[in-house]
Amino acid sequence: MSYVRLQDIFVPLPKQLECYRQIGRKRRIFYGGARGGGKTACAVWCAMMCSIQFPGLRTGIFRRTKQDIEGQIITKEMRRYIKHQDELGFHYTPSRHVAEFDNGAIIFFR
């Protein structure tokens, strides 16, 4: 089994890193900004990081339509992680839009 680090797949911007650092410290985290500011990339990256670190975690990433999930999340953001799913310890099931981790964590894309 080969080894890959998440930081080799995605390098967060300072604002994205600050958002991640607030997980568990704050009850709610609001991350806004203009179009193209990396909000979706941050959400997917945070979900991946937390799912790897916290066994049994259930996370949901939501969009208004199935087409938005497939176009914005799966095609653009998750593809970088899906290429390394064996090394990262998860399996993505396209028909269910679910990433299931070896440690029992799950990311639901709805």
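The values are calculated or read from the model by the stated rules, or taken from the named source; none is laboratory data. Keep in mind it's a predicted model, so treat the numbers as computed, not measured. Neighbour counts run over all protein chains shown; Cβ positions are idealised from the backbone, glycine included. To get the accessible areas, we keep the full protein, side chains included, count just its heavy atoms, and leave off ligands, DNA and RNA. Shrake-Rupley method; radii C 1.70, N 1.55, O 1.52, S 1.80 Å.
How many residues does region 73-110 contain that are part of a loop (DSSP other than H, G, I, E, B) and among the polar types (S, T, N, Q)?
We begin by selecting, within region 73-110, every residue part of a loop (DSSP other than H, G, I, E, B); these are 83-84, 89, 94-97, 102-105, 110.
Narrowing further to those that are among the polar types (S, T, N, Q): 95, 103.
Of the residues in that region, 2 qualify.
Does at least one position in region 30-44 carry a residue that is part of a helix (DSSP H, G or I), surrounded by fewer than 15 Cβ atoms within 10 Å (Cβ to Cβ) and of a type outside the set (Lys, Arg)? Within region 30-44 (the criterion being part of a helix (DSSP H, G or I), surrounded by fewer than 15 Cβ atoms within 10 Å (Cβ to Cβ) and of a type outside the set (Lys, Arg)), the answer is no, since none of the residues qualifies. Checking ILE106 against (1) more than 21 Å from GLY37 (Cβ to Cβ); (2) in contact (Cβ under 8 Å) with a residue 12 or more places away in the chain; (3) open to solvent by 30 Å² or more (accessible area, probe 1.4 Å): exactly one of these is not met. Which one? Result: ILE106 fails condition (3) only.
Let's see how each residue does on (1) within 20 Å of PRO12 (Cβ to Cβ); (2) exposed (fewer than 12 other Cβ atoms within 10 Å of the Cβ); (3) in contact with a Ser or Thr (Cβ under 9 Å, 6 or more places away or on another chain):
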position: ALA47; (1), (2), (3): yes, no, yes
position: CYS50; (1), (2), (3): yes, no, yes
position: PHE54; (1), (2), (3): yes, no, no
position: PHE62; (1), (2), (3): no, yes, no
position: THR65; (1), (2), (3): no, yes, no
position: ILE69; (1), (2), (3): no, no, no
position: ILE82; (1), (2), (3): yes, no, no
position: PRO94; (1), (2), (3): no, yes, no
position: VAL98; (1), (2), (3): no, no, no
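Identify the residue in region 1-29 that is open to solvent by less than 40 Å² (accessible area, probe 1.4 Å) and among the aliphatic types (A, V, I, L, M) and, among all such residues, is farthest from THR75 (Cα to Cα). So, considering only residues that are open to solvent by less than 40 Å² (accessible area, probe 1.4 Å) and among the aliphatic types (A, V, I, L, M), the one farthest from THR75 (Cα to Cα) is VAL4. Within region 45-58, identify whether any single residue is of a type in the set (Gly, Ala, Ser) and under 18 Å from TYR20 (Cα atoms), and answer yes or no. Checked region 45-58: at least one residue is of a type in the set (Gly, Ala, Ser) and under 18 Å from TYR20 (Cα atoms).
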